[in-house]
1. Two-decimal Rg/Rh of the range 46-101 from alpha-carbon positions, Kirkwood Rh?
2. Points 7 angstrom from Cα along the Cβ direction at residue 63 and residue 24: gap in nanometres?
3. Considering only protein heavy atoms and a probe of 1.4 Å, how much of the accessible area of the chain is carbon and sulfur, as a whole percent?
4. Starting with the highest mean, order 36-49, 8-21 by the number of other Cβ atoms within 10 Å, averaged over the residues of each peptide.
5. At 0.36 nm per residue, minus the direct Cα-Cα distance, what do residue 42 and residue 87 gain on full extension? Give it in nm, one decimal, please.
6. For mean projected area of the Cα convex hull in nm², the choices are (1) 6.6; (2) 9.7; (3) 6.9; which was calculated from the structure?
7. Give me the 1.4 Å probe accessible area per residue for the chain, excluding ligands and nucleic acids, in Å².
8. Provide the FRET efficiency to the nearest 0.05 for the residue 96-residue 15 pair, computing r from the beta carbons and using R0 = 41 Å.
Amino acid sequence: LREKQYDLRVEVPVYGSDGQVLVERALCYIGTPACDNYLGEAAPHALAEQIMAASGPSGPNREYLFRLADAMRERGLGWEDDPHLFELEALCRRLLAGGES
């Protein structure tokens, strides 16, 4: 297991854009306001900056984000399926290349 610093661990169904269940029980880690690592509501550029700066026991957070986005694409899912994820990926890649978010 990768995640270690969140306070809720739940299993949730994952749906495709057509409403079909892709995974019945996906493990999901959630940080709530009770968690020391909770960022709270933030604009996408602020989240990207936090992701780029953060690292934990399992490695850099950007690595997790990039691998998640790659895994989604490998399964035929893209921007229209999870615009938040792919916007964060684009912003982080821009920061990694030396640009601004």
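1. Using only Cα positions, Rg/Rh for the range 46-101 is 0.98.
2. Once both label points are built, they end up 3.3 nm from each other.
3. 50
4. Ranked from most to least packed, the peptides come out as 36-49, 8-21.
5. 14.8 nm
6. Step by step, mean projected area of the Cα convex hull in nm² for this structure corresponds to label (3).
7. Here the per-residue accessible area is 69 Å².
8. 0.85
The values are calculated or read from the model by the stated rules, or taken from the named source; none is laboratory data. All figures in this text were calculated on a predicted structure; none of them were measured in a lab. Positions of Cβ are generated from backbone atoms using ideal geometry, with glycine treated the same way; all protein chains shown enter the neighbour counts. To get the accessible areas, we keep the full protein, side chains included, count just its heavy atoms, and leave off ligands, DNA and RNA. Shrake-Rupley method; radii C 1.70, N 1.55, O 1.52, S 1.80 Å.
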